[in-house]
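Asker: Structure incoming, see below.
Just so it is clear, none of the values below were taken in a lab; they were calculated from the coordinates. Remember, predicted model here, so these are calculated numbers, not experimental data. With ideal geometry, Cβ positions are generated from the backbone for all residues, glycine too; neighbour counts draw on all protein chains shown.
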Amino acid sequence: MPRILVFQHVAAEPLGTLDPLIRRRGHRVRFVNFHRHPDAVPSIDRYRGLIVLGGPMNVDEQHLHPHLKTELAVIEQALAQGKPVLGICLGAQLLAHALGAPVRRHRQPEIGWYDLHTTEHGRGDPVLSPLGARMPVFQWHGRTFELPHGAHHLARTEICENQAFRWGESAYGFQFHLEMDQPLIERWLSTPVYRDELANAGLGHDENAIREHTLTHIGAMQRSADEVFNNFLDLIGRPARRVMLGSR
């Protein structure tokens with residue numbers, strides 16, 4: 001039975017829709033919540049794959065959040081051992097940084113729904129290809145990463161060039177949040193620190209606009225996200241049988 005190590009940074013940023021997909025496969029999951037256990041020192045050795053979730057901290061704040069150094073070390077171990085890695089938002093930035101790429105403040109935050117455009121590599125990628133040529137996806141970030149040396153560039157938006165990459169055969173960084181569902185989006189929009197970030201971003205749309213866009217786009221994104229995540233989970237270990245999409 002494949003074992004998966006998951007790094008979580010705050011309670012408001014869980015696995016989301018990834019959680020039931022993982023559990024339906026019968027995978028064993030170990031969560032390391034660095035908000036609760038900032039001094040944890042996990043090892044990748046006993047696990048078949050690593051998922052690093054999002055969070056409000058940034059890669060350059062290791063002096064404030066020393067656990068980021070721990071996470072970078074584990075990511076490097078996973079890459080050295082050839083184990084699948086999925087980084088989401090902050091996780092993608094940590095993965096890029098572990099691979100030697102700079103992470104910096106983006107000229108404009110992306111919060112809400114944005115059209116994701118896949119590259120030729122992205123449209124043919126064994127994990128990301130279910131998104132097709134264009135897919136509205138949910139975003140919440142103010143930083144961006146440079147493309148690591150040797151990585152395949154998989155997706156962009158109109159204002160943020162590096163949205164997804166693959167390094168090697170099984171290390172993926174996604175700047176966007178495919179794991180979101182409507183209740184989780186509402187949770188973020190109702191959390192004061194997240195609401196303040198949106199209000200101060202100067203984006204020209206507010207929480208009510210995001211709610212309207214969510215009603216329009218969430219169903220299609222979730223259907224494609226299930227396929228993308230199942231493809232990634234196949235890299236960790238194929239289940240005895242695949243669960244039909246939409247059979248929740």
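Asker: Could you sort the peptides 228-236, 129-137 by per-residue average Cβ neighbour count (10 Å cutoff), highest mean leading?
Answerer: In decreasing order of mean packing, 228-236, 129-137 become 228-236, 129-137.
Asker: Compute the label zone of Glu169 within the stretch 49-67: residues whose backbone N is under 17 Å from the point 7 Å along Cα-to-Cβ.
Answerer: Zone members listed by number: 49-50.
Asker: Here are several values of Cα Rg over 2.2 N^0.38 Å: (i) 1.26; (ii) 1.13; (iii) 0.94. Which one was derived from the coordinates shown?
Answerer: Here Cα Rg over 2.2 N^0.38 Å agrees with entry (iii).
Asker: Given q = 0.11, 0.26 Å⁻¹, what are the Debye log10 I(q)/I(0) values for the stretch 89-163, with equal point scatterers placed on the Cα positions and solvent ignored?
Answerer: For the requested q values the scattering log ratios are -0.26, -1.33.
Asker: Fully extended, how many nm does the chain gain between Asp181 and Asp39 (0.36 nm per residue separation, minus their Cα-Cα distance)?
Answerer: Using 0.36 nm per residue and subtracting the Cα-Cα distance, I get 48.1 nm.
Asker: Still on this structure, I have one more. I'd like the distance between the alpha-carbon centres of the stretch 162-189 and the stretch 61-79, rounded to an integer number of Å.
Answerer: Cα centres, the stretch 162-189 to the stretch 61-79: 19 Å.
Asker: Right, here's the next one. Kyte-Doolittle mean at least 0.0 and Cα extent at least 18 Å along the axis: which DSSP H helices of the chain qualify?
Answerer: Helix filter hits for the chain: 67-80.
Asker: All other residues with a Cβ under 13 Å from the Cβ of Trp167 taken together, and with Lys, Arg as +1 and Asp, Glu as -1, what is their net charge?
Answerer: Computed value for this residue: -2.
Asker: Can you find, among His121, Leu131, His149, the residue sitting farthest towards the positive end of the charge dipole of the stretch 101-157, where Lys and Arg contribute +1 and Asp and Glu -1 at Cβ?
Answerer: With unit charges placed on the Cβ atoms, the residue in question is His149.
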